[in-house]
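Trainee: Next up is a structure, given as structure tokens.
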Amino acid sequence: MNLEKTYNAASVEDKWYAYWLKHKFFRSVPDHREPFTIVIPPPNVTGVLHMGHMLNNTIQDILIRKARMEGKNACWVPGTDHASIATEAKVVQMLREKGIKKTDLTREQFLQYAFAWKEKYGGIILEQLKKLGASCDWERTRFTMEDSLSEAVIDAFIHLYKKGYIYRDLKMINWDPVAKTTLSNEEVIYEEKQSTLYYVKYLLKGSESYIPVATVRPETIMGNVAVCVHPDDERYAQFIGKTVIVPMVQREVPVIADSYVDKEFGTGALKITPAHDVNDYELGKKYNLPIIDCLNEDGTISEAAQVFIGLDRFTAREMAAKKLEQEGLLIKTEIITNKIGFSERTNAVVEPRLSMQWFVRMQELAGPALQNVMNDEIQFYPERFKNLYKHWLENIRDWPISRQLWWGQRIPAWYAPDGTYAVAKSREEAYEQLKENFPHLKPEELKQDEDVVDTWFSSWLWPISVFDGFKNPNNEDIRYYYPTSVLVTGWDIIFFWVARMIMAGYEFRNEKPFKKVYFTGMVRDKMRRKMSKSLGNSPDTLELLSKYGADGVRFGVMSAAAAGNDLLYDDKQPEQGRNFCNKMWNALRLIKGWEVTTTSEHSNHTAIQWFEQRLHESIEEIDHLFEDFKLSEALISLYKLIWDDFCSWYLEMIKPEFGKPIDAFTYDRTIDFFDILTRLLHPFLPFVTEEIWQNLRPRKDGDSICVSSYPKSYNDKTDRSLLKQAELAFEIISNIREIRNQAGLRNNVSIACYYNGSGDITFDSFSHYIKKLCRLHTFERSEEEFKDFDTFVSGGYKFFIDVPGRESKDENRQKVLKELEYMRGFLASVEKKLSNEKFISSAPPAVVENERKKRDDALKKIKLLEESLH
RNA sequence: GGGUGCAUAGCUCAGUUGGUUCAGAGCAUCUGCCUUACAAGCAGAGGGUCGGAGGUUCGAAUCCUUCUGCACCCACCA
């Protein structure tokens, strides 16, 4: 066998992924086995995958691969999300770069461009997932806007409408003037910004006196319909009921009083602009004030404003300030910090806007969703996200779902010429509903609502709709796979998606959509900034995958990612993963390079038994870590098991001398061990483990580690007696090696070591290996005290190293003194504890007993150390 | 304004229900090695008052109180 010196991830990974696909190992159809199902959080087709996706999908793949190896029917459903507003914004921008304006296109033409975009980027995304090693059932790939899933959206809409949960209303909503669409609260991101607060004079009609009003938005002054003060505010009591003049437009408006106004803030007087502020709108309704909308949908000043018509709102703000100053109405300005809402997708400053939209009433939907998370019917990992979830659901508000976009499922409402509408699956059905009241109506006169639904109104159905649970609620797939086993997603979309999927699950199937939710943290850069394209701090994942290999990247993101905790990404992490792959690769090279004798005589019982014990100890530990979703700890634990225990200790112990063969028994056991190790590691690093596993033994076409069995720990009482002995032996080896290092001995110089004393634990079984690993020509018991030798004390034994030509033993002596000092301190603290009556009486007997043993051990060690100083 | 989380080695973090003088890992640093699997490596070393203060306890990184600093979420204060 001829294996390359370094592991070549690129060629290995492509080879095995193609092999897995060819043999359809990832294909899942319902059968008699227990299902293990994950639906992917569908990535947006806006671009390519970033680091967050690498993390998220690696976790899902680990869980799926482990379940598959455990004999479950593992099904991972992949797919993509049309991401209505985000994608539409991208397509609009792409068209603009080509010199095409959206307004020049028909809806149909635009959708063609959008679908072409989806084909391109959706395809790239799926390829990236394959590169990562994702073991999805690709035959099940879904897209949120494909026919079946769009029909599910319409069904859901009609269902909720009939139930009275969907309604149409004129309300104040968040408006994105760039995308020109409504947004939900969740799509608005508030940031603290410095703003100018303008103090403006509102002159009393026919008088020189005025009410000072503070505002950060002078460009909406033209929409003022009243000034409001607190009824108990003595400063303005005289103005209440009088008329003041709105600056710039000279409108005469009343001064009203309402306790909503905070006397302490600003000037204590508030201008009322019902069209541009939620609170003002409420006050306007209360006092029956008119509404003057002085903004257009693109954020420019409307004709209703009378001045600055057509100017952008920010330009108008400056102009208004200037004009107020010119007219002598500006008292002063002040810089304050306030929160400004930005559109999540376009980053435009959001406007409160009064508009007719479709809403989902959330109160009833929230009930079961809240209850079943709080009682752990659906489990959250980490649990603390329950708090966040609870708070949101308890304060839930209705969900505006209509979006003034083209890319998405169109709202199934049909309007008669007079505005009366029917909600129906088709024009024909709508016509049937309406014709009773409109005998002369013709079907072609009906107009469908121009808006589409919020993208989350489609993705909240995902766990149901990917299994066609709307079209055919009793089909075999959904009965078998639903509810899914676990959802893996970032905590940032807990409201957008997780909460709503839970609501949809209970509403449409009367059953939870998943049993567990694993929340991942956000991937940040070394400066703790969230990775984003605009900052340019997210590595190019395709480049990363080709540089370090998918296994390297998977190791990198997993090794630092505790559930729910953000992780700081650094190139060092995938590098460590790549190195790990190479380490295992070279272990394979070592083993496969051995010549094997036919004899089964051997002297490696101890090493083999020790490693077996160590292996099963690890398997138990890893099982527990998996139960708690502590995946990064499980990976680190495997890393140490393989690198330290297997490579550094076990292989070095059994390694035959150069040129000599290894016995068949040791060889076979070693292959067994490596086989088990690769299977344990396979869920984390699928490619390198497949490559090694395939090389360990002769395999047939169709064999694969990904459908082999996941190792189980022994259930019977496994003997663990060698673990302690090994610990002592390794400690002795390290001590001898340190002395060798201090003495500057070359590796080919062999030395002698003598020891005496006795301890609770022996190292006899390991003597042979100590000798071998420390290059000792002599390692034996001797009652003699070797006064000129370097010494150390370990496990109740005193060791003497004969270093030829060693001039100074100061270094060694210093070390012994230091240890002696430490042990004396240790002894003092133990004795103090033991002489404390309260400790003896209140501590558990086992703890006291342990302290006594520590004292005896310490006394013994001190004695040995003191002796060895002479 | 309400809420959550975090603070442990130079950096990033582990540390289960309080019990070893237990303070741990990886990276980084330092020393010595191209030793026939691996320099993407091997053998070693140094490094921390577990954010501050108080309390509970025989015993606290761990439990309680408080303070400080940081991060995030939610909320209609111009």
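The values are calculated or read from the model by the stated rules, or taken from the named source; none is laboratory data. Owing to the predicted nature of the structure, the values given are computational and were not obtained by experimental measurement. Because the Cβ atoms are built from the backbone with ideal geometry, glycine has one as well, and the counts that use them run over all protein chains shown. We work out accessible area using only protein heavy atoms, side chains counted, and drop any ligands, DNA or RNA first. Shrake-Rupley method; radii C 1.70, N 1.55, O 1.52, S 1.80 Å.
Trainee: Does A:TRP414 satisfy the condition of being in contact with a Lys or Arg (Cβ under 8 Å, 6 or more places away or on another chain), open to solvent by less than 50 Å² (accessible area, probe 1.4 Å), farther than 30 Å from A:MET374 by Cβ and free of Cβ contacts under 8 Å to residues at least 60 places away in the same chain?
Mentor: Taking the combined requirement at face value, the residue satisfies it.
Trainee: Here is a follow-up. Of the conditions (1) free of Cβ contacts under 8 Å to residues at least 40 places away in the same chain; (2) crowded, with 21+ Cβ neighbours inside 10 Å, A:SER209 satisfies every one except a single condition; which number is it?
Mentor: Going through (1) free of Cβ contacts under 8 Å to residues at least 40 places away in the same chain; (2) crowded, with 21+ Cβ neighbours inside 10 Å one by one, A:SER209 breaks only (2).
Trainee: Can you tell me which condition A:TYR281 does not meet? The list is (1) in a loop (DSSP other than H, G, I, E, B); (2) open to solvent by 10 Å² or more (accessible area, probe 1.4 Å); (3) within 30 Å of A:THR103 (Cβ to Cβ), and all the others hold.
Mentor: (1)
Trainee: Still on this structure: Kindly establish whether A:PHE826 is surrounded by fewer than 16 Cβ atoms within 10 Å (Cβ to Cβ), within 7 Å of RNA strand B (Cβ to nearest atom) and either part of a helix (DSSP H, G or I) or not acidic (Asp, Glu) (or both).
Mentor: Here the answer is no, as A:PHE826 does not meet what is asked.
Trainee: Cβ-Cβ distance below 8 Å, separation of 6 or more or different chains: which pairs start in the stretch A:736-754 with a residue that is more than 28 Å from A:GLU783 (Cβ to Cβ) and end on one that is at pLDDT below 90 and exposed (fewer than 14 other Cβ atoms within 10 Å of the Cβ)?
Mentor: none
Trainee: Are any residues in the stretch A:812-852 more than 24 Å from A:ASP802 (Cα to Cα), of a type in the set (D, E, K, R) and under 47 Å from the mean Cα position of the chain (by Cα), and if so, which ones?
Mentor: Correct list: A:LYS833, A:GLU849, A:GLU851.
Trainee: Got at least one residue in the stretch A:690-700 being part of a loop (DSSP other than H, G, I, E, B), open to solvent by less than 60 Å² (accessible area, probe 1.4 Å) and not acidic (Asp, Glu)?
Mentor: No, the stretch A:690-700 contains no residue that is part of a loop (DSSP other than H, G, I, E, B), open to solvent by less than 60 Å² (accessible area, probe 1.4 Å) and not acidic (Asp, Glu).
Trainee: Next question. Please determine, by comparing only the residues of the stretch A:1-49 that are in a helix (DSSP H, G or I) and open to solvent by 80 Å² or more (accessible area, probe 1.4 Å), which one is farthest from RNA strand B (Cβ to nearest atom).
Mentor: Taking the candidates together, the pick is A:LYS22.
Trainee: Out of the strands (runs of 3 or more DSSP E) lying entirely within the stretch A:321-400, which hold 2 or more residues that are open to solvent by less than 20 Å² (accessible area, probe 1.4 Å) and aromatic (Phe, Trp, Tyr)?
Mentor: Filter on the stretch A:321-400 gives A:351-360.
Trainee: Applying the selection to the stretch A:829-851, what residues are in a helix (DSSP H, G or I) and of a type in the set (A, V, I, L, M, F, W, C)?
Mentor: Matches in the stretch A:829-851: A:VAL830, A:LEU834, A:PHE839, A:ILE840, A:ALA846, A:VAL847, A:VAL848.
Trainee: Specify the residue that is least open to solvent (accessible area, probe 1.4 Å); the eligible residues are those in the stretch A:753-768 that are out of contact with any Gly (no Cβ under 8 Å at 6 or more places or on another chain) and more than 24 Å from A:ASN604 (Cβ to Cβ).
Mentor: Ranking the qualifying residues of the stretch A:753-768, first place goes to A:ASN756.
Trainee: When you go through A:ARG500, A:ARG528 one by one, which is the residue that is open to solvent by 40 Å² or more (accessible area, probe 1.4 Å), more than 22 Å from A:PRO30 (Cβ to Cβ) and out of contact with any Gly (no Cβ under 9 Å at 6 or more places or on another chain)?
Mentor: A:ARG528
Trainee: Let me ask another. Got a number for residues in the stretch A:575-621 being open to solvent by less than 40 Å² (accessible area, probe 1.4 Å), within 13 Å of RNA strand B (Cβ to nearest atom) and under 28 Å from the mean Cα position of the chain (by Cα)?
Mentor: The qualifying residues number 3.
Trainee: Continuing with this model, one more query. Testing A:GLU450 on (1) surrounded by fewer than 22 Cβ atoms within 10 Å (Cβ to Cβ); (2) over 22 Å from A:ALA83 (Cα atoms), one condition comes back false. Which one is that?
Mentor: The failed condition is (2).
Trainee: Separate question: Contact list please: Cβ distance under 8 Å, first residue in the stretch A:353-377 and at negative phi, second residue of a type in the set (Lys, Arg) and surrounded by 18 or more Cβ atoms within 10 Å (Cβ to Cβ), pairs at least six apart or on different chains.
Mentor: Final answer for the pair search is A:ASN372/A:LYS512; A:GLU377/A:LYS512.
Trainee: Residues that are crowded, with 18+ Cβ neighbours inside 10 Å and of a type in the set (Lys, Arg): does the stretch A:466-481 have at least one?
Mentor: no
Trainee: Out of (1) outside any loop (DSSP other than H, G, I, E, B); (2) closer than 21 Å to A:LEU149 by Cα, the odd one out for A:MET54 is which?
Mentor: Result: A:MET54 passes all but (2).
Trainee: Among the residues that make up the stretch A:259-268, is at least one of them on the phi > 0 side of the Ramachandran plot, buried (at least 17 other Cβ atoms within 10 Å of the Cβ) and without any contact (Cβ under 8 Å) to a residue 60 or more places away in the chain?
Mentor: yes
Trainee: Just to verify a result, which residue in the stretch A:829-862, among those that are of a type in the set (Gly, Ala, Ser) and open to solvent by 80 Å² or more (accessible area, probe 1.4 Å), is nearest to A:LYS798 (Cα to Cα)?
Mentor: So the residue we want is A:SER835.
Trainee: Among strands (runs of 3 or more DSSP E) lying entirely in the stretch A:186-244, which contain 1 or more residues that are touching a Pro at 6+ places or on another chain (Cβ under 9 Å) and closer than 20 Å to A:ASP312 by Cα?
Mentor: A:188-203
Trainee: Still on this structure: Which fully enclosed helices (runs of 4 or more DSSP H) of the stretch A:407-517 have 1 or more residues being of a type in the set (Asp, Glu)?
Mentor: A:427-434, A:476-481
Trainee: Further question on the same structure: When only residues in the stretch A:626-658 that are hydroxyl-bearing (Ser, Thr, Tyr) and open to solvent by 10 Å² or more (accessible area, probe 1.4 Å) count, which is nearest to RNA strand B (Cβ to nearest atom)?
Mentor: A:SER648
Trainee: List every residue pair whose Cβ atoms lie under 8 Å apart, where the two residues are 6 or more positions apart in sequence or sit on different chains, the first residue falls within the stretch A:451-479 and is within 14 Å of A:PHE157 (Cα to Cα), and the second residue, located anywhere, is open to solvent by 40 Å² or more (accessible area, probe 1.4 Å) and part of a loop (DSSP other than H, G, I, E, B).
Mentor: Short answer, once both residue conditions are applied: A:ASP451/A:GLN404; A:VAL452/A:TRP406.
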